[in-house]
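Trainee: Submitted below is the structure of interest, expressed as structure tokens.
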Amino acid sequence: MSEKQLDLSSAPHELAALITVQPGAVVSRTLVNKPAGTVTLFAFDAGEGLSEHTAPYDALVHVIEGEADVRIATSAHAVAAGHMLLLPANVPHALHARVPFKMLLTMIRV
């Protein structure tokens, strides 16, 4: 069953409350899906992550809760709530949650 599209213009929303960390899982929720890009919430249980991959577009990570290690090519970054980090297009990157972790990912398709 697909999740009902959230009306972001109806009222302010608390980002952290829009997604829940699930034991042993990575959960995602698309908030905006337009030709120009997407905005997706992610929740990772501690120890979960995204294996190394590339994307054809820049993506901006905005950390909402928790801490994670992000690798971009050969550079390692520790990120925590309140941090932002750009994942450049066509550059390998990976993520590993140190603790339960939530982030907002904005992919810009231009």
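Trainee: Can you tell which of Gly47, Gly82, Gly37 is more than 11 Å from the chain's Cα centre (by Cα) and under 16 Å from Ala16 (Cα atoms)?
Mentor: Details: Gly47 fails: under 16 Å from Ala16 (Cα atoms); Gly37 fails: under 16 Å from Ala16 (Cα atoms).
Exactly one residue qualifies, and that residue is Gly82.
Trainee: Shifting gears a bit: Quickly run through the range 87-99 and pick out the residues that are more than 20 Å from Glu65 (Cβ to Cβ) and out of contact with any Ser or Thr (no Cβ under 9 Å at 6 or more places or on another chain).
Mentor: If the condition is that a residue be more than 20 Å from Glu65 (Cβ to Cβ) and out of contact with any Ser or Thr (no Cβ under 9 Å at 6 or more places or on another chain), then Pro88 is the only one that fits.
Trainee: Can you find a residue in the range 9-28 that is exposed (fewer than 15 other Cβ atoms within 10 Å of the Cβ), touching a helix residue (DSSP H, G or I) at 6+ places or on another chain (Cβ under 8 Å) and at negative phi?
Mentor: Checking the range 9-28: not a single residue is exposed (fewer than 15 other Cβ atoms within 10 Å of the Cβ), touching a helix residue (DSSP H, G or I) at 6+ places or on another chain (Cβ under 8 Å) and at negative phi.
Trainee: Continuing with this model, one more query. Please enumerate the residues belonging to the range 52-62 that are outside any strand (DSSP E or B) and hydrophobic (A, V, I, L, M, F, W, C).
Mentor: Start the filter on the range 52-62 by keeping residues that are outside any strand (DSSP E or B), which leaves 54-57.
Residue satisfying the conditions is Ala55 alone.
Trainee: Another question, if that's okay. Under the condition of being at pLDDT below 95 and over 14 Å from the mean Cα position of the chain (by Cα), which residue from the range 85-110 is surrounded by the most Cβ atoms within 10 Å (Cβ to Cβ)? I'd like the intermediate steps shown before the answer.
Mentor: Of all residues in the range 85-110, those at pLDDT below 95 come to 108-110.
From what is left, the residues that are over 14 Å from the mean Cα position of the chain (by Cα) are 109-110.
Details: Arg109: 13, Val110: 8.
Ranking the candidates gives Arg109 first.
Trainee: Can you name every residue in the range 1-51 that is in a loop (DSSP other than H, G, I, E, B) and closer than 20 Å to Arg98 by Cβ?
Mentor: Restricting attention to the range 1-51, the residues satisfying the condition of being in a loop (DSSP other than H, G, I, E, B) are 1-14, 19-25, 35-36, 45-48.
If the condition is that a residue be in a loop (DSSP other than H, G, I, E, B) and closer than 20 Å to Arg98 by Cβ, then Ile19, Thr20, Val21, Gln22, Pro23, Gly24, Ala25, Asp45, Ala46, Gly47, Glu48 are the ones that fit.
Trainee: Scan the range 76-98 for residues that are touching a residue at least 40 places away in the same chain (Cβ under 8 Å) and touching a Phe, Trp or Tyr at 6+ places or on another chain (Cβ under 9 Å) and jot them down.
Mentor: Within the range 76-98, Leu95, His96, Ala97 qualify.
Trainee: Return yes or no: is Ile108 over 18 Å from Val39 (Cβ atoms) and β-branched (Val, Ile, Thr)? Steps first, answer last, please.
Mentor: Details: over 18 Å from Val39 (Cβ atoms): no; β-branched (Val, Ile, Thr): yes.
Criteria not met by Ile108.
Trainee: Looking at the range 91-101, can you tell me whether even one residue there is part of a strand (DSSP E or B) and in contact with a His (Cβ under 9 Å, 6 or more places away or on another chain)? Give the steps one after another, and end with the answer.
Mentor: In the first step, residues of the range 91-101 are kept if they are part of a strand (DSSP E or B); the result is 93-97, 101.
This time we only want the ones that are in contact with a His (Cβ under 9 Å, 6 or more places away or on another chain), so: 93-94.
Scanning the range 91-101 turns up at least one residue that is part of a strand (DSSP E or B) and in contact with a His (Cβ under 9 Å, 6 or more places away or on another chain).
The values are calculated or read from the model by the stated rules, or taken from the named source; none is laboratory data. Just so it is clear, the model here is predicted, and its values are computed rather than measured. Glycine gets a Cβ as well: all are built from the backbone with ideal geometry, and neighbour counts include every protein chain shown.
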